[in-house]
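Right, one structure below, let's go through it.
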Amino acid sequence: MVPSLNQRLVVFLHGIGGTGASMLPLASSWRPSLPRTAFAAPDAPFHHGNGYGHQWFGVDGNELNPERIEKVRKAFDDVADGIVRREGFEDRLDKVAFVGVSQGAIIALDAVGSGRWPVGALISFAGLLPLTSVTPAEKRTPILLVHGAVDNTIPSVASELAASQLRAAGFDVELKILPGVGHNISAEGAEMAKSFLIRTLS
């Protein structure tokens, strides 16, 4: 394979019932500030139960069940590995970032927290860390947790707890709780995330 001319790879991970295409406007807004960056926004590997969109794992109202996430780890790894290889970053994981929202953030936090994916940066919007043990890796991924203070789907305390658990395992974690923001990516949060990527993947 011809080596990639890009310096960084950002992989977007959408929320439950969404599609990769729903994350592309964020990529477009970041592109001018992140030159020579490849952006990928895959669909999750499983169809959502309501007949539209995709999901990374089934929930049935219980997003904290670690067994459901553990069972789909290989499916996530296959998606991520395919993108990394296609873009020529298999030997440059330190230049790869995962950017997930809601369920996409949950699966990304599991991937990094379990030690399977020591990527160069992780950004979680409105996510939570599954109730599994965190495995400190030799390469500790910088992590940004962004959460809306008025999120009624996954309360912001979930990111506060994730920050404590990840820090205890040795990860460098930044936590931003945004007043007046719900279960979404706000303009302020998107700007924070872009700045974080510029700093961590330079």
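Just so you know, all these numbers are worked out from the coordinates, no wet-lab data involved. Being a predicted model, the structure only gives us computed values, none of them experimental. Cβ sites come from the backbone with ideal geometry, for glycine too, and all protein chains shown count toward neighbours.
For this structure, a couple of remarks:
- Shape class for the chain: rounded, because the ratio a/c of the largest to smallest gyration tensor axis (alpha-carbon atoms, square roots of eigenvalues) is under 1.5.
- Between N152 and R31, full extension at 0.36 nm per residue minus the direct alpha carbon distance yields a gain of 40.5 nm.
- Put a plus charge on the Cβ of each Lys and Arg, a minus charge on the Cβ of each Asp and Glu, and nothing anywhere else: the dipole of the stretch 68-202 about its Cα centre is then about 140 debye.
- Gain in span if fully extended, F46 to Q7, counting 0.36 nm per residue against the direct Cα distance: 11.0 nm
- Net charge, A27 excluded, C-beta distance under 13 Å - Lys, Arg +1, Asp, Glu -1: +3
- Cα gyration tensor category, rounded, prolate or oblate, for the stretch 73-161 with a/c compared to 1.5: prolate
- Protection proxy ranking of 75-81, 141-147, by the mean of other Cβ atoms within 10 Å over each peptide's residues and highest first, is 141-147, 75-81.
- For S114, the amide hydrogen comes within under 5 Å of the amide hydrogens of T135, counting only partners 5 or more places away or on other chains and with H modelled in the peptide plane.
- Cβ crowding within 10 Å, taken as a proxy for footprinting-reagent exposure, orders I198, I154 from fewest neighbours to most as I198, I154.
- Top positive-direction residue, dipole computed over the chain with Cβ charges, set S114, L161, L128: S114
- The stretch 144-188: C-alpha gyration tensor shape, a/c 1.5 cut-off, then a/b vs b/c: prolate
- For the peptides 20-26, 121-127, 97-103, the ranking by packing is 121-127, 97-103, 20-26, with the highest mean count of neighbouring Cβ atoms within 10 Å listed first.
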